[in-house]
Structure formats: structure tokens, C-alpha cells
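Accompanying notes for the structure given below.
The values are calculated or read from the model by the stated rules, or taken from the named source; none is laboratory data. Keep in mind that what you see is a predicted model, and the values were worked out from it rather than measured. Positions of Cβ are generated from backbone atoms using ideal geometry, with glycine treated the same way; all protein chains shown enter the neighbour counts. Accessible surface is based on the protein model in full, side chains and every heavy atom, while ligands, DNA and RNA are left aside. Shrake-Rupley method; radii C 1.70, N 1.55, O 1.52, S 1.80 Å.
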Amino acid sequence: MTADLPELADGNFYYQDLGGGQFRSTIHAQGAWNVHEQHMAPASGLMADVLERHEPRGDMRMARISYEILGLIPGGEFRIEATTLRPGRTIELVQAELVAGGRTPIRAAGWRMLTSDTAEVAAVEDPAIPGPDDCKPYDGAAIWPGGYIRSLEMRVAEGHRPGSGKVWLRTGHPLTDRADSGDLARLMGMVDTANGIAARVPPGKGSFAFPNLDLQIHMYRRPRGEWLGLDNAVSFGSDGIGLTSTVLHDLQGPFGRAEQILTLRRS
């Protein structure tokens, strides 16, 4: 909380692309726990964008992205480095590391898989949720501070309560000043919000903090569009560890799942 405020870029986007893998965050990427940090959500979207652009193949798509949060994500300038860990004909594992201030606060690994026509056996067990037009406006900024939360348009379905909720999100801000990211990166840039849409306890002093240490996303279908639906449940264990589990939706229906392991701390 005593760290110096970072030098931020200015604009109605989350990141300024400085070239050569270098970026600078804006106020719209600001986190909720500390004013000098980035929110994991837009940072993970930018890393998904870098992974998609790294040695792309038209016959493959991203099926899983696993993010490890290794420390506080400082705002301001940073770089993202992408590598191929496991090349292959039918599966590939690619990695991206966000490096800021000489350390790596996020490491992401993505499995790309060869696609084929399996429409004749396609089936999904996850139930649909009410669409954004059937939900009410939701002011997440009334609960959470930070520029990222303020950047979102949110809608909430009936039955929302502490520990469980169905919320739709979209943003009018592109990931970067290039404004050329695809739907996958845009939607991945909001998934981490799931940990705050139906918090079991209110955030703030005298309560509990519950930051996630990771973000695991599995996608059985490539998501599309600008709306991300989150149907989630939050569990707190009795020994300082919790879990947020979320079914992910776009306007066509469910497309995957996300898991976030939580560390519970008195605030």
C-alpha cells in the first residue's frame, strides 16, 4: 500500500503497445486490492493475445490457458515474452511471461490443439443462463475499487447472492491502443473478474481478503462476441483456502470453465 504510484499511459484502452513486446498499463487496468497494481483480468487478456500471436497456426485453437500468479502485478511499464515449450503436429504448448521490475508476476501456459469436424457428436452438459438483455444493470464499482472494475458494463441475473451468481460483462475499451485483438483475448481479459462477482464476504478492512493464486481456463468451444457470462460458485474452506468455480458463456451458450484457488486472509 506504500508503493509509489506507477507512471501510466493515457487513453481509453487497457494497454499502450510500446513495440518489441513492451507495454504500459492505463488506469483502466488498475487492480482492486492496491492502487499501484494491475488487475489480473486485463493482464491475462493481453497475455492470451500474445500467446495467440506467437507462431500461429490456422488449423489449431487454444483449448486451455493456465495462469500462475507469482506476485503483485505492478502497474506501468512491463514486457511479455512468448516461447514454444512443446511443438507438435496435433498439440502444442506455448508460454508467456509478464516481466515487470526485474521479476515475473504472471506466467501463462496455453495448450493449442488441432481442430477437426466433430459436429455429429457435439454435446454440452453445462446449462444456459439468462442473457444480458434479461438481466439487470449491476454496479460492481459500488463493491470494488479500481479502474478496471469501473471500465466494465455489468448485468446480473435473478438469484444473485454471496457465494453464487450469474453476471454478464463487457467493456468498451480495447486491450491495446492498436484495437486489433480477437474475441478470445477480449473475453479472456474479463474471466478473472469471476472471483469478485459474488464474494462470500464483502471486501475491505475488518473482513477477509481472498486473492486468487491462479486462473485455469478450459474451453471446449472457441468463444465469440463481446459479452462474457459468468455462472459461478465460491467455496471457502476452514483452513485458509478457497475456490471460485465458474462456467463461462458467450451469447451462443456455455463454452468452458474457469477455476481460481484462493488464499483467505483477514484484512
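Structural remarks
- Cα-centre dipole for the chain with unit charges at Cβ (Lys and Arg positive, Asp and Glu negative), debye to 20: 460
- Comparing Pro56, Met40, Gln30 along the charge dipole axis of region 1-147, the residue lying farthest to the positive side is Pro56, per the Cβ-charge model.
- Note that region 153-160 has calculated 3J(HN,Hα) couplings of 9, 10, 10, 10, 8, 4, x, 5 Hz, one per residue in order, obtained from phi through the Karplus relation 6.51 cos²θ - 1.76 cosθ + 1.60 (θ = phi - 60°); glycine and proline are x.
- Computed from the C-alpha gyration tensor, the three semi-axes of the ellipsoid equivalent to region 1-130 are 31, 18, 13 Å, from longest to shortest.
- Sparsely packed GluC sites (Glu not before Pro) within region 99-178, loop by DSSP, other Cβ within 10 Å at most 14: Glu125, Glu158
- Three-way shape call for region 166-260 based on the alpha-carbon gyration tensor, with the a/c threshold at 1.5: prolate
- Test item: Cα-centred dipole of region 33-129, Lys/Arg +1 and Asp/Glu -1 on Cβ, debye: 320
- In Hz, Karplus ³J(HN,Hα) per residue of region 44-54 (6.51, -1.76, 1.60; θ = phi - 60°; x = Gly, Pro): 5, x, 5, 5, 4, 5, 5, 4, 5, 7, 7
- Accessible surface of the chain, 1.4 Å probe, proportion on carbon and sulfur as whole %: 51
- Once backbone amide H atoms are built at 1.01 Å from N, Leu70 has Ile106, Arg107 as its partners under 5 Å, excluding neighbours fewer than 5 places away on the same chain.
- Given their separation in residues at 0.36 nm each and the Cα-Cα distance between them, His218 and Ala119 gain 33.7 nm when the chain is fully extended.
- Solvent-accessible heavy-atom area per residue, rounded to whole Å², over the chain at 1.4 Å: 47
- Given +1 at the Cβ of Lys and Arg, -1 at the Cβ of Asp and Glu and no other charges, the dipole of region 7-83 around its Cα centre is 200 debye to the nearest 20.
- Counting every C-alpha pair in region 154-213, the share spaced more than 13 angstrom apart comes to 69%.
- For region 172-267, applying the loop criterion from DSSP together with a ceiling of 16 other beta carbons within 10 Å to the chymotrypsin sites (Phe, Trp or Tyr not before Pro) yields Tyr220.
- Candidates Met188, Met40, Met60, ranked by Gaussian network fluctuation over the chain, Cα under 10 Å, top entry: Met60
- Per-residue [θ]222 nm for the chain (sum of -39500 (n - 2.57) over DSSP H runs n ≥ 4, rounded to 500): -3000 deg cm²/dmol
- Within the chain, longest stretch free of exposed trypsin sites (Lys or Arg not before Pro) [DSSP loop, at most 12 other beta carbons within 10 Å]: 90-177
- Whole-Hz ³J(HN,Hα) from phi, Karplus 6.51 cos²θ - 1.76 cosθ + 1.60, for region 62-71, glycine and proline x: 6, 10, 8, 10, 10, 9, 10, 9, 8, x
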